[in-house]
Amino acid sequence: MLNQKPIQLTTGVITVASLILLSFSSIGSTQTAPETNDTNQEEESIADSVPDRRKGGASRSSQTPENSQQSEDEEMVQAPQRRKPAARRNDNQCNFNPQEVIALIPENLRGKTTADSPTLYFSVPVITANTEIEFVLRGPEDQLVEKQTFFGQGKAGIMGLKLPKVSRISGLNSQKTYHWYLSVICNQSDRADDIVVEGLLQPITLESNLRQQLQATTIEERIRLYQSHDLWHERLDALATIKRSQPENTQVSQQLGQLLDSVKLDPIIGQQPLLETQMLSSNR
């Protein structure tokens with residue numbers, strides 16, 4: 001007979017026997033986890049339990065009927081099962097370490113934005129001009145919103161990717177989440193060899209008083225407002241804008257490094273040069 005002394009966890013009290021049963025059921029199935037009211041705590045636990053999906057090395061595969069109805073947060077939990085074995089990455093045709101492709105986003109993969117045409121940023125190695133890169137944006141119901149391709153710039157650094165203006169990314173869809181993928185296509189004949197990073201984009205409505213404040217402030221003051229309202233993409237874009245106009249300003253690079261360090265990315269990335277921003281044209 002097991003000693004069923006209760007064990008206190010962050011999500012409640014369970015017994016040792018229940019814990020063992022839960023462990024076996026989580027290995028043998030992909031059951032949906034119960035919802036909790038503590039969203040931030042759930043996102044943090046997800047980020048702690050899975051490999052860093054901001055870095056390359058993960059390949060996408062089509063969902064099975066069994067998990068096709070899962071929410072995006074639940075898909076993040078299942079994502080590590082779709083990673084390709086590292087051994088098959090050793091001879092990738094891109095000739096660089098997949099881990100060098102890094103999405104500059106928070107640990108929980110989620111970035112809030114007030115823009116309907118936000119700019120995403122990535123730290124990239126030298127991706128040759130004949131290497132195709134694909135960007136896919138899927139909507140709250142997993143519908144395809146955008147799918148476009150472009151080519152590498154032949155330089156290492158911080159690459160900005162400005163999304164086209166999409167009407168569905170607006171205040172009307174506040175609190176809904178969009179799922180994006182950036183895929184470096186190393187082998188056109190076998191897309192399983194793609195180097196993939198992914199993230200979640202959450203549009204929010206800009207309050208009228210905050211909008212007025214932003215219009216009447218300097219870019220440095222706007223950065224502080226973006227921080228206080230948890231607007232990741234706007235804050236990062238503002239720092240990148242200053243860095244682009246003042247490439248020799250080491251203080252700006254340091255600030256950018258500190259921002260990245262706050263989400264457990266290498267602050268050295270902030271010292272990298274800014275590459276030309278890729279402008280995706282609207283297909284709509």
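Within region 192-216, count every residue that is in a loop (DSSP other than H, G, I, E, B), hydrophobic (A, V, I, L, M, F, W, C) and out of contact with any strand residue (DSSP E or B) (no Cβ under 9 Å at 6 or more places or on another chain).
Residues of region 192-216 in a loop (DSSP other than H, G, I, E, B): 194, 204-207, 216.
Applying the additional criterion that residues be hydrophobic (A, V, I, L, M, F, W, C) yields 204, 206, 216.
When the remaining residues are screened for being out of contact with any strand residue (DSSP E or B) (no Cβ under 9 Å at 6 or more places or on another chain), the result is 206, 216.
Counting residues in region 192-216 that are in a loop (DSSP other than H, G, I, E, B), hydrophobic (A, V, I, L, M, F, W, C) and out of contact with any strand residue (DSSP E or B) (no Cβ under 9 Å at 6 or more places or on another chain) gives 2.
Ala192 meets the stated requirement of being touching a residue at least 40 places away in the same chain (Cβ under 8 Å), surrounded by fewer than 13 Cβ atoms within 10 Å (Cβ to Cβ) and among the small types (Gly, Ala, Ser).
Given the structure, is Leu201 within 16 Å of Thr114 (Cβ to Cβ) and touching a Gly at 6+ places or on another chain (Cβ under 8 Å)? Criteria met by Leu201. Being in contact (Cβ under 8 Å) with a residue 12 or more places away in the chain, among the polar types (S, T, N, Q) and part of a helix (DSSP H, G or I) is not true of Gln227. Among the residues making up region 145-165, those that are assigned to a strand (DSSP E or B) and either touching a helix residue (DSSP H, G or I) at 6+ places or on another chain (Cβ under 7 Å) or under 16 Å from Val184 (Cα atoms) (or both) are Lys147, Gln148, Thr149, Phe150, Phe151, Gly157, Ile158, Met159, Gly160, Leu161. When Glu107 is tested against (1) part of a loop (DSSP other than H, G, I, E, B); (2) at negative phi; (3) surrounded by fewer than 16 Cβ atoms within 10 Å (Cβ to Cβ), just one condition goes unmet, and that condition is (3). Inspection of region 203-213 identifies no residue that is at pLDDT 90 or above and out of contact with any Pro (no Cβ under 7 Å at 6 or more places or on another chain).
Identify the residue in region 214-230 that is of a type in the set (S, T, N, Q) and surrounded by 13 or more Cβ atoms within 10 Å (Cβ to Cβ) and, among all such residues, is modelled with the lowest pLDDT.
The first filter runs over region 214-230 and keeps only residues of a type in the set (S, T, N, Q), leaving 215, 217-218, 227-228.
Still in the list and also surrounded by 13 or more Cβ atoms within 10 Å (Cβ to Cβ): 217, 227.
On the way: Thr217: 83, Gln227: 90.
Among those that are of a type in the set (S, T, N, Q) and surrounded by 13 or more Cβ atoms within 10 Å (Cβ to Cβ), it is Thr217.
For region 231-276, filtering for residues that are surrounded by 14 or more Cβ atoms within 10 Å (Cβ to Cβ), in a loop (DSSP other than H, G, I, E, B) and touching a Lys or Arg at 6+ places or on another chain (Cβ under 9 Å) leaves 4.
Being part of a loop (DSSP other than H, G, I, E, B) and either over 29 Å from Asn97 (Cα atoms) or touching a helix residue (DSSP H, G or I) at 6+ places or on another chain (Cβ under 6 Å) (or both) is the filter here; which residues of region 124-144 pass it? Spell out how you get there, then give the answer.
We begin by selecting, within region 124-144, every residue part of a loop (DSSP other than H, G, I, E, B); these are 125-131, 139-143.
Pro125, Gly139, Pro140, Glu141, Asp142, Gln143 - these are the residues of region 124-144 that are part of a loop (DSSP other than H, G, I, E, B) and either over 29 Å from Asn97 (Cα atoms) or touching a helix residue (DSSP H, G or I) at 6+ places or on another chain (Cβ under 6 Å) (or both).
The values are calculated or read from the model by the stated rules, or taken from the named source; none is laboratory data. Predicted model only: the values in this text are computed from it and were never measured. Every residue, glycine as well, gets a Cβ built from its backbone with ideal geometry; the counts of neighbours run over all protein chains shown.
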